[in-house]
Amino acid sequence: MRFFRKIAFVPFAILFSCSKPNYVDSYDYTLYESYKGSMKGIEVYCWKDSDIWYSGILPGTNRIKTTEEVNYLQTNLPCPLTRMREILSDYEKDEIGLICITTKPAECLNYLITTENIDEYQYVCEQLEIDFPQGQIYDDTQDNHI
């Protein structure tokens, strides 16, 4: 009888051991931490997925990033804002060169803050405990930068 109980238990053990956790914090974020101190700074990309905000970091502010790069972060290394706040707390303020809010999947990267997305930028900056990127504000009512 014990033998049959053990055999019945094996499929459940295999099923549960093979299932991936359903939370994002199981990722290793050392890559994001490794960019600290790089001479060219970092760019933080944020997106919303099922009412939860995630983020990722790309190094260097000397070139325009592609949607493929951001989509890679979204698929392979999404970081909840609470965890990203911890990571960014070790960075100098001037290392964060850019904040970008995008969609998932990223279809285009719009770095300007407008009246349509300013609330999202404010929320993300508050959650990350970083300064609001005033230099990215675009006044779309007057067609000039603030």
Practice item. Restrict the check to segment 44-52 and report whether at least one residue is at pLDDT below 55 and either in contact with a Ser or Thr (Cβ under 6 Å, 6 or more places away or on another chain) or closer than 19 Å to Q127 by Cβ (or both). Key: no
Check your understanding: Is one or more of the residues making up segment 68-89 surrounded by 15 or more Cβ atoms within 10 Å (Cβ to Cβ) and farther than 20 Å from E33 by Cβ?
Key -> yes
Review point. So which residues in segment 90-103 are closer than 20 Å to S50 by Cα and either aliphatic (A, V, I, L, M) or surrounded by fewer than 16 Cβ atoms within 10 Å (Cβ to Cβ) (or both), if there are any at all?
Key: I101, T103
Review point. Of all residues in segment 58-67, how many are aliphatic (A, V, I, L, M) and either over 14 Å from V44 (Cβ atoms) or surrounded by fewer than 16 Cβ atoms within 10 Å (Cβ to Cβ) (or both)?
Key: 1
Check your understanding: Can you name the residue in segment 1-27 that is farther than 28 Å from Y121 by Cβ and among the charged types (D, E, K, R) and is also modelled with the lowest pLDDT among such residues?
Key -> K20
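The values are calculated or read from the model by the stated rules, or taken from the named source; none is laboratory data. Bear in mind the structure is a predicted one, so any value in this text is a computation, not a measurement. Using ideal geometry, Cβ is built from the backbone for each residue, glycine included, and neighbour counts are taken over all protein chains shown.
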